[in-house]
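Just below is one structure, and these are the notes that go with it.
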C-alpha cells in the first residue's frame, strides 16, 4: 500500500524538504502533496482573473483558487502533517487541522513545546504531536513499513 | 423554523452577549450554543479525572473534555459565528471554522479589517464577513425572519 | 408525521401563496420554507456588511447571505417544489434542483409545457412534474395524508 | 497527482477544445470528462429503448440515459468548469453547479460579465469566476502544477 | 425515546392493523408509517398530473409520486417491518429491504417458512425473521420497552 | 475513463454473456462484475463453515458469504444492470435495485413488457428500462464512448 | 440543549444507576439509553421467534434483536459512556466503542487503572477516561451545563 | 477486480501467515494489510515522540500512532478478518469489528466454538464465522474467484 501525506502550514522554514528527503532516503512508499508554498505566487493566485481594488477581494479570490488545490489534496490524503512555526498567525494551518478532524482524516502536529497551550484543541484531535521533522519521519517509517 | 447558532472564538470581550441580547430584543427564534467561556474553568475541564504532572497532558485532557461539548454543538448548529479578536493565537477559532467548512456548515466570520490577510483562507470558506456584532445581528435577523 | 416543503424559484407570481393557502384549507400538516422573495431585499442582503463598488462583489455578498438561509432550508426540507416561470434566467431554481438531486432530496418541478425541452435534465431527476399549483396541492395532499 | 476535470454547459462554441488543447500544450496532468456534446445524439440518447409519442417522455428517457454518464462523471471529477454562453436557457449547467455544490465538489464558472446578476447564486458557491478559456487554463496550470 | 416503524410490503391482509393494534394495546411509544395501502389510489397517484396513453408511463408517474412518501418515510424510520405474503411478485417489498440495508436501517422480515429460500438474501441482511404479526409485536415490545 | 458494471439478477438465461460479448466486440472500456451465477455453488457458499440441520440457517450462511462479494461489487460499480426474467421470485434482484437506489448508484432494468406493473417501483428509481440485452449494449456504448 | 447519553458495557454492578441518579440530583438535561441489562432477558431476546437447537444460532438471533435497539440508540446518542468491569470478556463494550469511533460519536471510558494496557486502543479513541461514576457525573455536569 | 483484506486481532499464533500463504498458493488477487504485529514495537510506537513517566500516556501515544495505520487500513479494505484467540482481553479486535460494522465494511470472525457466547454481538454483525484459517481461505477463494 502506498500512502499520500499532505503537508500543511508554515512556509518559511524547510521542514517540508526535510520530511520529503528523509522519507526518500528510506525509500518509503509515500507521495507528498502541499499547498503552493511560494508566498508571492500564492497571494497572486487569483490575479489572472481580473484586478481588484480592494485587499479583501484580492485575498478572497486568491484564497479560493488555492482552496481548489488544498481542499482536493486534503480530501485525497491518508494523513496530514500540520506545522506551526514561531511566527505569524498561521490560521490556515489550524483551519486545515479542523477540516481534517471533521473528515476523520488523521493528522500529526509539528510544533515546539512553547505553544502547547494555544494549540491544545488542535493537538487534542491529532493522532500525534512531534517536535522535529526527524520525529515525523520516524513515525511515518513505522506507520507505512513496520511489520 | 427555529435556528441554532454556535458562537466560536474570542472569550475576552462581550461580543457573545451583544449578539444574544440583540437577537433577544428582536425576538428572533434563535438558540445560541458555545464552548465554556470561563477561561479557568475551561483549562481545568479535565482536572477532575486525575492530576497530571505534564502541561501537555493536562491541556490535552481538558481540551478533549471541552471537545465533547463543542464538537456536538457544532454538528448540531445551523450556523456558526467565528470571532477573531486582536490578541492571542486563537487557533481554536480557526480550527472550528475548518471543522464547519468540512461539514458544509455555514459560518460567518467576525473580525476587524486589519487581520484580513492572515484570515483569507478562513474567510474564503465563510458565507459572510462582519466587522461588528451589530452587523451579525442584522444578518441573523434577515436570514431567520425576512419574507 | 409533519412535513417540511421548500418552495424554490420564480418570485413574480403568487404560486407560493396558492400552494400555502391550498394546503392550509385542507389542514395538511406541512410547514413551508422559502428564500426571501422580496427581490430588492434579497439583492441587498449583504449591503449591511459594507458598500461595494463592483456589481460582482455586491451580488456575491448578497447571494452568500441568502445561501445561509436557503442551503439550510433545503437540507432540512422533506420535499422541494421548484418553479420555473416564463421569464428570466432562473438559474438559481435549476441550481436548487441540482442541489436537491445530489442530496437525494425529492423535488417536484412546476412549469408549463413549453419549456419541457430545456428543463429535461431537471425534470429527469424530479419525482413529479406539475403544470399548476393546484396539481401540486393535490400531490401534497396525497403524499402526506392518504391512507 | 493527476486531476480529472468535468466540463459542463454550453455546447455551441469551442470552449471545451480551447481548454483541452491549452492544457495539453502545457503538459498538465489533467483528464477531461464531459456530457455528450453532439446535440442531436444527446437528444436521441433514449430512442433505442423504444419510440415515444410524447415529447416529454422522449426527453425524459434521453435525459436519464445522459444522466448515467454525467452523474458518474461529476461524482468522480476533482473539479468542474461550468460554462454559461449567451444563448439558451442552459438550466442543465446550473443544475450541474448545484449538484457539485451539494457534493462539496469545487467548480469554476466561465461566463461573460453581462450575466453576473442572474448567476449570482451559482457564482456564490463557485471557487472562481473566469471570463475566458485562457483564464481557466491559467488557473488549472497554477492549481495542478505550481510549487 | 419514541420509535418510528415503517411497515412495508403486502397490502392484501391485515398484518399492519394487527401490529398497530397490538402495540397500541401495550402502550408502546411507537409511531407507524406506511405507503398508501389503498391499491387503486396508489396506482392512480400520478393521474392528477395528466393522462398517459402508455401503461409504462402511467405506472412510472404513480410510482414516483408514491416514492416521495415512501423514500422519506424509510429515511426517517428507526426500524422497518417488511412483509412478504403468499401472492404476487412483491418486488417493492424487496426493493424497500435493499434500500434499508444500504442505509444501515434495521429491518425485520415477516413471512412464512415456505419462502425461506427465495428470500435468503433479504433475510441475510435483516435483524430478525418473524412468521406472525404477534411475534413482531413481541420483538417490538422488547426492543422499545425492556429494561 | 473506464467503467465497472455490475450485472444483477436472473441466472437461467445467457443475458450476461450477451452483454459482455457485445461490449467486448465493440471494445468498450468496461469491466463486468457479478454474483456467483452457478446456482448450486451459490447455495452451498457457506457449507464449508459447517453443516446446518435447518434450511433457514444453511441459506442464511450462504447468503451472507455471497453478500461479502455482492455488497462490495455493488458499492464499487459505476452502474448496475438489474435483470428480471419470467420465472421465480427474484427478490434478490429487487433487493439489489433498492440497494443501488439508496446509494445513488445508477441502474438499468432489463425485463419484458409483461411485468411492467409489478416492477413499477423498481423502474421508477432506474435510469433506463431495456427489454433486450442488445438495447443495454447500445446504451452502454453511448454512455461510455459517445462524444 | 438537551443531551442523550448511551450507557454501554458491564451489567453486573450499579454504575448505570449511580450515573443516572447523580445526574438527576443535579437536574442535568440528560436522557439516558442503554441495552437491555437483564442478562437472562437479553440472552432470550430472540427466543420468541422460534426455538433453536444450536447455541450459536440462539445467541445469534438474540444478539440481532438486541442490535435493533443498541444500534439505533448509539446512532441517536450525543455521547456514550463505555464501562469495562473486572470480569468477563466484555467484547460487546469494545465493539460499541469501535462503532462510536467510526461514527465520530464521542465516548468516555470508565474502568480501573489495572486494565489500561489492554484497553489502550479503546482509550486512544475516547475523549476521556474516568475511573469512577462520580467522575463521569462531574464531566457530564461540566459538558452540559457550564457557562 | 483485486481485493484488499485487513487482518485484525490475535498476534500470538501464525493465523495471518496461514491465510496469506494459503491465498498465495491459490493465486488469489488479494492484498493483505494488518496492524504492526511485533508486540514490543507496537507498544513502543510512540516512544520516539518523547519519554512518558505515566503508563497511561505511554500507551496512549503508542495506540494513537498505531491508529494512524489501522484506521486507514480498515477504511481502505474490502473485507476484514477478525481473529479472537484463547488468551488475553483482545479488546482491540472487538473494537476493530465495531469500527467495521459502523462503516458497513464486511468482516469474518475467526474463533473457536468455546467463545461463541461472549462474542455473540460481534458475530451478529459479521458476514461469516470461521473456526480455522483454512475455512477463511476457502471463503476468500469463493468470494474473489468463483464464477
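Every number in this text was worked out from the coordinates using simple rules, so none of it is lab data. The structure presented is a predicted model; accordingly, all values stated were derived computationally and were not measured. Backbone-built Cβ (ideal geometry, glycine too); neighbour counts: all protein chains shown.
Observations on the structure shown:
- Qualifying residue in segment A:113-129 (condition: surrounded by 23 or more Cβ atoms within 10 Å (Cβ to Cβ) and either farther than 25 Å from residue H:45 by Cβ or in contact (Cβ under 8 Å) with a residue 60 or more places away in the chain (or both)): no
- Check on residue D:76, surrounded by fewer than 23 Cβ atoms within 10 Å (Cβ to Cβ) and out of contact with any strand residue (DSSP E or B) (no Cβ under 8 Å at 6 or more places or on another chain): no
- Residue within segment E:132-147 that is buried (at least 18 other Cβ atoms within 10 Å of the Cβ) and within 7 Å of chain F (Cβ to nearest Cβ) present: no
- Checking each residue in segment C:75-91 for being touching a helix residue (DSSP H, G or I) at 6+ places or on another chain (Cβ under 8 Å) and under 22 Å from residue B:108 (Cα atoms) picks out only C:75.
- A single member of A:44, A:67 is within 14 Å of chain B (Cβ to nearest Cβ), buried (at least 19 other Cβ atoms within 10 Å of the Cβ), in contact with a helix residue (DSSP H, G or I) (Cβ under 7 Å, 6 or more places away or on another chain) and closer than 30 Å to residue D:111 by Cα, and it is A:67.
- Subset of segment B:1-15 [more than 21 Å from residue G:2 (Cβ to Cβ) and surrounded by 13 or more Cβ atoms within 10 Å (Cβ to Cβ)]: B:8, B:9, B:10, B:11, B:13, B:15
- Residue check, residue G:87 part of a loop (DSSP other than H, G, I, E, B), farther than 22 Å from residue H:118 by Cβ and touching a residue at least 12 places away in the same chain (Cβ under 8 Å): no
- Selection count, segment G:105-122, where residues are in contact with a helix residue (DSSP H, G or I) (Cβ under 8 Å, 6 or more places away or on another chain), under 21 Å from residue G:14 (Cα atoms) and part of a helix (DSSP H, G or I): 1
- Residues that are out of contact with any strand residue (DSSP E or B) (no Cβ under 9 Å at 6 or more places or on another chain) and either in a loop (DSSP other than H, G, I, E, B) or under 20 Å from residue D:70 (Cα atoms) (or both) do not occur anywhere in segment C:127-145.
- Test: residue C:97 is part of a helix (DSSP H, G or I), on the phi < 0 side of the Ramachandran plot and in contact (Cβ under 8 Å) with a residue 40 or more places away in the chain: yes
- Filter pass, residue D:33 being in contact with a helix residue (DSSP H, G or I) (Cβ under 8 Å, 6 or more places away or on another chain) and part of a strand (DSSP E or B): yes
- Entry remark, segment E:84-124: residues being within 15 Å of residue F:93 (Cβ to Cβ) and either in contact with a strand residue (DSSP E or B) (Cβ under 7 Å, 6 or more places away or on another chain) or more than 7 Å from chain F (Cβ to nearest Cβ) (or both) number 7 in total.
- Residues of segment F:1-30 classified as over 21 Å from residue F:66 (Cα atoms), part of a helix (DSSP H, G or I) and in contact with a helix residue (DSSP H, G or I) (Cβ under 7 Å, 6 or more places away or on another chain), total: 4
- Number of residues in segment H:22-41 that are surrounded by 13 or more Cβ atoms within 10 Å (Cβ to Cβ) and more than 19 Å from residue A:146 (Cα to Cα) equals 5.
- Here residue D:19 fulfils each of the conditions (1) surrounded by fewer than 21 Cβ atoms within 10 Å (Cβ to Cβ); (2) in contact (Cβ under 8 Å) with a residue 60 or more places away in the chain; (3) more than 18 Å from residue D:98 (Cα to Cα) apart from (1).
- If you go through segment A:47-64 and keep only what is surrounded by fewer than 18 Cβ atoms within 10 Å (Cβ to Cβ) and in contact (Cβ under 8 Å) with a residue 12 or more places away in the chain, you end up with just A:47.
- A count restricted to segment E:47-56 and to residues that are facing chain F (nearest Cβ under 10 Å) and part of a helix (DSSP H, G or I) stands at 2.
- In this structure, residue F:72 does not qualify as more than 10 Å from chain E (Cβ to nearest Cβ), outside any loop (DSSP other than H, G, I, E, B) and touching a helix residue (DSSP H, G or I) at 6+ places or on another chain (Cβ under 6 Å).
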